[in-house]
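To keep things clear, I will list the structure first and then write my remarks on it.
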Amino acid sequence: MKQTLTETLRNLKVSRVSFFVRLSIAIPEHMCYYLVKNKCSERGRGMQDSICESMTLEKKLDILSDAAKYDVSCTSSGVDRNGDGTGMGNCRKAGICHSFSADGRCISLLKILFTNECIYDCKYCVNRASNDVERASFTPEEVCTLTMEFYRRNYIEGLFLSSGILKSPDYTMELIYATLYRLRHVCRFQGYIHVKAIPGADQRLVRLTGYLADRMSVNVELPTAESLRLLAPHKSRKNILTPMRVVQNISEENRQEIALYRNAPRFVPAGQSTQMIIGATPETDYQILNVAESLYKKFDLKRVYYSAFVPVNHDSALPELPDMKPPLLREHRLYQADWLLRFYHFEAEELLDEENPNFNILLDPKCCWALKHLEQFPVEINRADYRMLLRVPGIGYKSAGRIVKARRMGQLRFEDLRKMGVVLRRALYFITCSGRMMYPVRIDEDSITRNLLNTKERLPEGVDGMTFRQMSLFDDVNFGEVNLQ
Ligand code: SF4
């Protein structure tokens, strides 16, 4: 019996739009524009005509990689180093940043804005419409050329593409889509692509782009709707959360498709992330952490990035920072707490409350929690369950796993713990091995706090010196293994 197209799709449990995506893989580029908005390819060409072609590609790269450096949601290394002539390669700060792939490998990405022109006027942003800065925009072809040429030279393994809002959210998203389409289907680029979903853009464009990208992110920007109204009046909570929900729903739909058809196209296989600016508005750490936790739970995010507010504009709505220094230590504490939420089974409510709404600058969040819950310590290493081991300062999630495995073979001693990576100078106040503590120590909050403050915490470069360098994911990863222990 002959089936209609709709019936066929229904039977196959494939949505109409994802069917278009599959079709688009086999059809010419201009047809994709048609499918997106029922508009012909002229629009795509018209867009590119309006982009300034007189500037050299290198100049554009300079402007647009510099403009991208405040976005930490893919992390930035900010290294600028020439080769010394004895080896191969050098390090340009322009445009290359580091990120981590799903399997934990560190990869270099070309990090650029498609354009730093913007119709919006977010008060904290260097690219806001009212700023007098040099403006530039790439064409889709130029982004493809840069990506392919850098990739061929082994400078990068992927692309991080963000953008200001050129003309309208849809217009910008279409340009981003056109770029990714060209990169994937004309240049046959198969490397990693992290792309921004533009708040307010048509959901169909977000969907089509997501099938070409590995990761997508929509920046929450500020923790509350009120702060957003104050500092980013053109954006709304709804505009930001809608594409996030779209990405989440399509990802779920895509998981079901893949279960049915192994070769179905992947929608943002590396998931979605977001970024929040810290210190530009009066929210406490408690509010920020609660927002992050609910984003993880409700939108299934892979990462929330925290970006210490860097004062680049003068505006009465922005806070005056002491010595104009961004709150990097605060950002660092939030990253540590974020790790506790994601890998250590903590809840935001356990770490802070309304009476103590901010993290202690001197001690990491896990130590602070343990000091407030001394009644739960010391824990016996040879018996405590995995979740309790995770809560011991000095024990990271890897060492907790090793302890659980190794104690099946016999009783563990303090020397064994050291070999497993436990930081005993922190853990010794909170654990026993076969019923004995490592040293006779007083279990009271003041004395343990004093001793812990004497064990110098390894802060990432720039945090104690308070420079303007953005945090990098390398530091963040080290925190998980070193400082949270
Ligand atoms: S939308 Fe706001 S944050 Fe983004 S580039 Fe424009 S002014 Fe900057």
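The values are calculated or read from the model by the stated rules, or taken from the named source; none is laboratory data. Quick caveat: nothing in here was measured; it's all calculated off a predicted structure. When we count neighbours, we look across all protein chains shown, and the Cβ atoms used for this are built from the backbone with ideal geometry, even at glycine.
Data overview
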item: Among the residues listed as R255, R184, the single one being among the basic types (K, R), at negative phi, away from the ligand (no atom under 13 Å from the Cβ) and surrounded by 16 or more Cβ atoms within 10 Å (Cβ to Cβ); result: R184
item: K302 being in contact with a strand residue (DSSP E or B) (Cβ under 7 Å, 6 or more places away or on another chain), of a type outside the set (F, W, Y), in contact (Cβ under 8 Å) with a residue 12 or more places away in the chain and surrounded by 15 or more Cβ atoms within 10 Å (Cβ to Cβ); result: yes
item: Filter pass, T147 being crowded, with 23+ Cβ neighbours inside 10 Å, farther than 21 Å from V218 by Cα and among the hydroxyl-bearing types (S, T, Y); result: yes
item: Residues that are under 21 Å from the mean Cα position of the chain (by Cα) and not in a strand (DSSP E or B), drawn from region 109-139; result: F114, N116, C122, Y124, C125, V126, N127
item: Top-ranked residue in region 140-168 [being within 9 Å of the ligand (Cβ to nearest atom) and assigned to a loop (DSSP other than H, G, I, E, B); ranked as nearest to S273 (Cα to Cα)]; result: S163
item: Test for E149: is it modelled with pLDDT of 95 or more and more than 22 Å from the chain's Cα centre (by Cα); result: no
item: Selection status of V422, in a loop (DSSP other than H, G, I, E, B), among the aliphatic types (A, V, I, L, M) and in contact with a Ser or Thr (Cβ under 6 Å, 6 or more places away or on another chain); result: yes
item: Residue in region 332-340 that is at pLDDT 90 or above and either part of a strand (DSSP E or B) or surrounded by fewer than 17 Cβ atoms within 10 Å (Cβ to Cβ) (or both) present; result: no
item: Selection within region 187-201 - over 21 Å from the mean Cα position of the chain (by Cα), touching a residue at least 40 places away in the same chain (Cβ under 8 Å) and surrounded by fewer than 19 Cβ atoms within 10 Å (Cβ to Cβ); result: C187
item: Matching residues, region 217-238, being within 15 Å of the ligand (Cβ to nearest atom), of a type in the set (S, T, N, Q) and in contact (Cβ under 8 Å) with a residue 60 or more places away in the chain; result: S217, N219
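Okay, residues lined up against (1) modelled with pLDDT of 95 or more; (2) more than 8 Å from the ligand (Cβ to nearest atom); (3) touching a Pro at 6+ places or on another chain (Cβ under 9 Å):
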| residue | (1), (2), (3) |
| --- | --- |
| D103 | no, yes, no |
| S108 | no, yes, no |
| K111 | no, yes, no |
| T115 | yes, yes, no |
| C118 | yes, no, no |
| C122 | yes, no, yes |
| R128 | yes, no, no |
